[in-house]
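Quick notes on the structure that follows.
The values are calculated or read from the model by the stated rules, or taken from the named source; none is laboratory data. Fair warning: this is a prediction, and the values are worked out from it, not measured in the lab. In this analysis, Cβ positions are derived from the backbone assuming ideal geometry, glycine residues included, and neighbour counts consider all displayed protein chains.
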Amino acid sequence: MNTITANQLKTRGVSIIQDNLLKDQELVITVRGKEKFVVMDMKHYNYLRECELDAALHQAKADYQSENYITETVDAHIKRIKQ
C-alpha cells in the first residue's frame with residue numbers, strides 16, 4: 001500500500017492521489033508521521049461494501065439456521081436495545 005504525507009497532498013493536490021492509485025488500490029495519507037486516512041477509487045470502495053454486505057448476510061443466515069435470534073414486539077425491542 002502506498003503512503004503519502006499530508007504535505008505532499010497539499011503541494012501536489014489530487015494528481016498525487018491519481019498517480020498513486022494507478023499503482024495500488026489504496027493510498028494511506030499520513031499526518032505528522034501517523035497513518036490518518038485511506039483513499040481509494042469508487043470501484044474498489046463499492047467492492048469492499050459488497051463484501052461487507054455479503055458477510056452480514058452470511059452471518060444473518062447462520063444465526064437464523066442456528067435459531068440465534070429473538071422474536072419480540074417493536075416496543076420490547078426498543079426497550080431491550082435502550083438498556
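Observations on the model:
- Verdict on residue 9 being of a type in the set (A, V, I, L, M, F, W, C) and loosely packed, with under 12 Cβ neighbours inside 10 Å: no
- Any chance residue 29 is on the phi < 0 side of the Ramachandran plot and either surrounded by fewer than 11 Cβ atoms within 10 Å (Cβ to Cβ) or at pLDDT below 95 (or both): no
- Check on residue 43, without any contact (Cβ under 8 Å) to a residue 12 or more places away in the chain, more than 18 Å from the chain's Cα centre (by Cα) and in a helix (DSSP H, G or I): no
- Inter-residue pairs, beta-carbon under 7 Å, first free of Cβ contacts under 8 Å to residues at least 60 places away in the same chain and in region 3-21, second part of a loop (DSSP other than H, G, I, E, B) and surrounded by 13 or more Cβ atoms within 10 Å (Cβ to Cβ), 6+ apart: 21/41
- Residue in region 59-71 that is in a helix (DSSP H, G or I), at pLDDT 95 or above, surrounded by 11 or more Cβ atoms within 10 Å (Cβ to Cβ) and of a type outside the set (A, V, I, L, M, F, W, C) present: yes
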